[in-house]
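Novice: Just passing along the structure, written as C-alpha cells.
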Amino acid sequence: MEPPQRFTTERLRLRPVTVADAAALFDVYAGDPEATRYLSWRTHETVAETREFLAGAQASWRDGSEWIWAVLIRPEDRPIGAIGAVDTPHGIEIGYVLGADWWGHGLMSEALGEIMGWFQLQPDVYRVWAYCAVDHVRSARVLERSGMTYEGTLRRWVVLPNLADEPCDARVFSWVREQA
C-alpha cells in the first residue's frame, strides 16, 4: 500500500516532507518545547537535527515503512505541521504535530480527517489508531473529530521524553472497520 503523496483541503495542502523543509519545520514546531511537549522524540536543538530526521523520513517513504506529510497552510503553502502514518501489526498508526501558533483553528482535524478518509477507503485497512498522553485534552479532541473513538487508557505505556524519562499513561483512540 502506498498512500497518495498529496492531499488538498479547503485551507491546507499536504505533501511528503523534504529535507528542504528543515528550517521552516524547526522554526514552527521541531525546535519549540511547547509544540513538542507531548511527542515521542525530544525537541530538536538545531536545524541540522531536523534535517537529519527529514532525511530519514524521506527514506522511510521510499521504502514504504512510514509516510510523513508536511501540513501546509494555503495559499502561501507554508509548513505549519506534519502528520505521519505507519502500517503496524495493530493497524495504521497515526501521529501528528502542529506549530503552537496554529492551535485552536481546527487545522489538524481538517488534515487528519482527509488522511483518515483515504485509509478508510482502503479494503485492507481494518484499523486506524493513535494515542495521546492522558492529560493532552486538545489532542484527544482532534482524534475524536477525525472520526476515532476512545478505546481505553494504557497505563505507563509510552515514554514522552519532553515530559519524563519514565513511561506515562496514554489514551488510545481508533477507527475500526465493522466486521462483515
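The values are calculated or read from the model by the stated rules, or taken from the named source; none is laboratory data. All figures in this text were calculated on a predicted structure; none of them were measured in a lab. When we count neighbours, we look across all protein chains shown, and the Cβ atoms used for this are built from the backbone with ideal geometry, even at glycine.
Novice: Can we say A23 is within 15 Å of G99 (Cα to Cα) and surrounded by fewer than 18 Cβ atoms within 10 Å (Cβ to Cβ)? Walk me through it before giving the result.
Specialist: Working: within 15 Å of G99 (Cα to Cα): yes; surrounded by fewer than 18 Cβ atoms within 10 Å (Cβ to Cβ): yes.
Yes.
Novice: Go through (1) without any contact (Cβ under 8 Å) to a residue 40 or more places away in the chain; (2) more than 22 Å from D21 (Cα to Cα); (3) among the aliphatic types (A, V, I, L, M); (4) in a strand (DSSP E or B) one by one and return the number of the condition A140 breaks.
Specialist: Answer for A140: the failing condition is (4).
Novice: Just the residues that are buried (at least 18 other Cβ atoms within 10 Å of the Cβ) and either out of contact with any helix residue (DSSP H, G or I) (no Cβ under 6 Å at 6 or more places or on another chain) or part of a helix (DSSP H, G or I) (or both), please, taken from the stretch 26-37. Reasoning before the result, please.
Specialist: Pass one, the stretch 26-37, residues buried (at least 18 other Cβ atoms within 10 Å of the Cβ): 26, 28-31, 35-36.
F26, V28, Y29, A30, G31, T36 - these are the residues of the stretch 26-37 that are buried (at least 18 other Cβ atoms within 10 Å of the Cβ) and either out of contact with any helix residue (DSSP H, G or I) (no Cβ under 6 Å at 6 or more places or on another chain) or part of a helix (DSSP H, G or I) (or both).
Novice: Only one of (1) part of a helix (DSSP H, G or I); (2) of a type in the set (D, E, K, R); (3) touching a residue at least 24 places away in the same chain (Cβ under 8 Å) is not met by E49, so which one is it?
Specialist: Result: E49 passes all but (3).
Novice: Could you list, ordered by first residue, the pairs with Cβ atoms under 6 Å in which the first is in the stretch 158-180 and touching a residue at least 12 places away in the same chain (Cβ under 8 Å) and surrounded by 18 or more Cβ atoms within 10 Å (Cβ to Cβ) and the second is among the aromatic types (F, W, Y) and outside any strand (DSSP E or B), at least 6 apart or interchain?
Specialist: L160/Y38
Novice: Could I ask something else about it? Which number in (1) out of contact with any Gly (no Cβ under 9 Å at 6 or more places or on another chain); (2) farther than 23 Å from Y29 by Cα marks the one condition that E114 misses?
Specialist: Here E114 meets the rest and fails (2).
Novice: Shifting gears a bit: How about the stretch 11-25: which of its residues are outside any helix (DSSP H, G or I) and either closer than 14 Å to Q58 by Cα or modelled with pLDDT under 95 (or both)? Break it down into steps so the answer makes sense when it comes.
Specialist: Just the residues of the stretch 11-25 that are outside any helix (DSSP H, G or I), to begin with: 11-18.
Of everything in the stretch 11-25, those that are outside any helix (DSSP H, G or I) and either closer than 14 Å to Q58 by Cα or modelled with pLDDT under 95 (or both) turn out to be R15, P16, V17, T18.
Novice: Run down S40, S65 and say which single residue is in contact (Cβ under 8 Å) with a residue 60 or more places away in the chain, among the small types (G, A, S) and assigned to a loop (DSSP other than H, G, I, E, B).
Specialist: S40
Novice: Mind listing whichever residues of the stretch 115-133 are over 24 Å from T9 (Cβ atoms), surrounded by 13 or more Cβ atoms within 10 Å (Cβ to Cβ) and touching a residue at least 60 places away in the same chain (Cβ under 8 Å)?
Specialist: A133
Novice: Okay, moving on. Taking the condition of being surrounded by 14 or more Cβ atoms within 10 Å (Cβ to Cβ) and in contact with a Pro (Cβ under 8 Å, 6 or more places away or on another chain), how many residues in the stretch 134-157 meet it? Reasoning before the result, please.
Specialist: The first filter runs over the stretch 134-157 and keeps only residues surrounded by 14 or more Cβ atoms within 10 Å (Cβ to Cβ), leaving 134, 136, 139-143, 145-148, 154, 157.
If we keep only those that are in contact with a Pro (Cβ under 8 Å, 6 or more places away or on another chain) as well, we get 157.
Of the residues in that region, 1 qualify.
Novice: Suppose we keep only residues that are among the small types (G, A, S) and in a strand (DSSP E or B) within the stretch 87-115. Which one would you say is nearest to V137 (Cα to Cα)?
Specialist: If we take residues in the stretch 87-115 being among the small types (G, A, S) and in a strand (DSSP E or B), then G95 is nearest to V137 (Cα to Cα).
Novice: Being surrounded by 12 or more Cβ atoms within 10 Å (Cβ to Cβ), closer than 30 Å to P123 by Cα and among the acidic types (D, E) is true for just one of E2, E66. Which residue is that?
Specialist: On the way: E2 fails: surrounded by 12 or more Cβ atoms within 10 Å (Cβ to Cβ).
Just one listed residue meets the conditions, E66.
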